[in-house]
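Enquirer: Provided herewith is a single structure, encoded as structure tokens, for subsequent inquiry.
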Amino acid sequence: MGASGDFDVLPTIGSKELVALLAYMLEAKSVLIPEIAYPTYRVGAILAGAEICEVEIDASTWPERADLAWINSPSNPTGRIHSKEELEACLIWARKSGATLASDECYLPFTNGIQAPSILAIAIGDNTGVLAVHSLSKRSNMAGYRGAFIAGDSKLIAQLLEIRKHMGMMLPMPIQRSMAVALSEQSHVDKQAGRYRARRDRLATALNNAGFKIEFSKAGLYIWCSRDEKDWDSVAWFAGLGILVTPGSFYGAKGSNHVRIALTASDEDISSAAQRINQCIK
């Protein structure tokens with residue numbers, strides 16, 4: 001992550017738990033979420049009874065004040081990697097507004113060699129008000145273990161620890177130890193990243209042949225694409241080929257002409273899907 005300075009780390013029961021409860025635990029009354037985003041950011045704000053504001057990554061367009069702002073790089077669903085300058089602008093905004101800046105970095109291990117800094121590296125040692133969320137579900141294919149962690153501002157981590165222990169949300173020690181083993185080893189992550197890269201390349205070629213425009217999608221575990229039609233029309237087209245994709249509107253109104261295609265199926269299933277797409281356009 002490139003973290004430095006004073007910071008602490010707190011294991012969590014998967015990253016979804018943390019995302020869903022962070023606004024509630026911080027007593028946030030106003031929350032900024034990406035305009036195209038993982039739905040749990042919105043659900044978490046609703047659970048907290050907070051006002052929700054959808055924003056793009058350009059922090060100069062953000063409202064002057066908020067209690068909590070979520071950023072996500074690489075993005076789910078788009079696979080967009082936010083630049084160092086964009087993240088710096090978000091951090092400057094957070095410093096001025098006094099907001100907590102929470103960076104969901106669950107897909108950071110899968111960037112295909114593109115530079116993708118953690119917000120903790122951008123903070124260069126001053127981690128006040130900054131939190132970064134990481135998950136072994138993605139990094140190490142340990143979804144069933146429900147192992148994740150949050151790192152950053154020591155005062156915020158202490159606050160979250162105090163609240164979560166009263167909620168009974170302590171992560172079992174065997175899971176923590178398995179996380180430590182996985183985090184100490186990198187070769188399995190590199191191997192999996194290679195799998196995702198090969199699957200993306202194979203499927204992207206077929207999608208381009210079928211007239212889909214792929215946007216971003218250089219990182220993470222998904223392809224974000226559009227054929228300039230309603231997302232549900234695209235969903236129906238894929239369904240006719242026996243392929244299940246997710247309508248972009250699940251991630252926000254601005255995704256209503258897109259679909260998200262997961263690269264988490266087996267190599268054989270990805271190859272089969274690409275073959276069916278190519279066959280139907282011949």
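Computed from the coordinates by the stated procedures, all read-outs in this text should not be read as laboratory data. The shown structure was predicted, so the numbers you read here are calculated from the model rather than taken from an experiment. Note that each Cβ is placed from the backbone with ideal geometry, even for glycine, and that neighbours are counted across all protein chains shown.
Matching residues to (1) in a loop (DSSP other than H, G, I, E, B); (2) surrounded by 23 or more Cβ atoms within 10 Å (Cβ to Cβ):
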residue	(1), (2)
Glu85	no, no
Lys96	no, no
Ser103	no, yes
Tyr107	yes, yes
Leu131	no, yes
Asn141	yes, no
Gly144	no, no
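Enquirer: So, Ile114, is that one closer than 23 Å to Pro247 by Cα and either without any contact (Cβ under 8 Å) to a residue 60 or more places away in the chain or among the aliphatic types (A, V, I, L, M) (or both) or not?
Expert: No, not satisfied.
Enquirer: Just to verify a result, which residue in region 266-277, among those that are touching a residue at least 60 places away in the same chain (Cβ under 8 Å) and surrounded by 14 or more Cβ atoms within 10 Å (Cβ to Cβ), is farthest from Arg197 (Cα to Cα)?
Expert: Checked region 266-277; the qualifying residue farthest from Arg197 (Cα to Cα) is Ile277.
Enquirer: Quick one: count up the residues across region 14-46 that are of a type in the set (Asp, Glu) and more than 19 Å from Arg146 (Cα to Cα).
Expert: 2
Enquirer: Would you be able to tell me the number of residues in region 13-64 that are outside any helix (DSSP H, G or I) and aliphatic (A, V, I, L, M)?
Expert: Result for region 13-64: 13.
Enquirer: From the list Gly168, Gly152, which one is over 22 Å from the mean Cα position of the chain (by Cα) and at positive phi?
Expert: Answer to the selection: Gly168.
Residue-wise test of (1) surrounded by fewer than 13 Cβ atoms within 10 Å (Cβ to Cβ); (2) out of contact with any Asp or Glu (no Cβ under 8 Å at 6 or more places or on another chain); (3) among the hydrophobic types (A, V, I, L, M, F, W, C).
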residue	(1), (2), (3)
Gly220	no, yes, no
Cys225	no, no, yes
Ser234	no, yes, no
Gly242	yes, yes, no
Pro247	no, no, no
Tyr251	no, yes, no
Ile261	no, yes, yes
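Enquirer: Okay, moving on. Kindly provide the set of residues from region 33-83 that are under 28 Å from Val259 (Cβ atoms), surrounded by 14 or more Cβ atoms within 10 Å (Cβ to Cβ) and among the charged types (D, E, K, R), ordered by number.
Expert: Once the filter is applied, which keeps residues that are under 28 Å from Val259 (Cβ atoms), surrounded by 14 or more Cβ atoms within 10 Å (Cβ to Cβ) and among the charged types (D, E, K, R), region 33-83 yields Glu35, Arg42, Glu54, Arg80.
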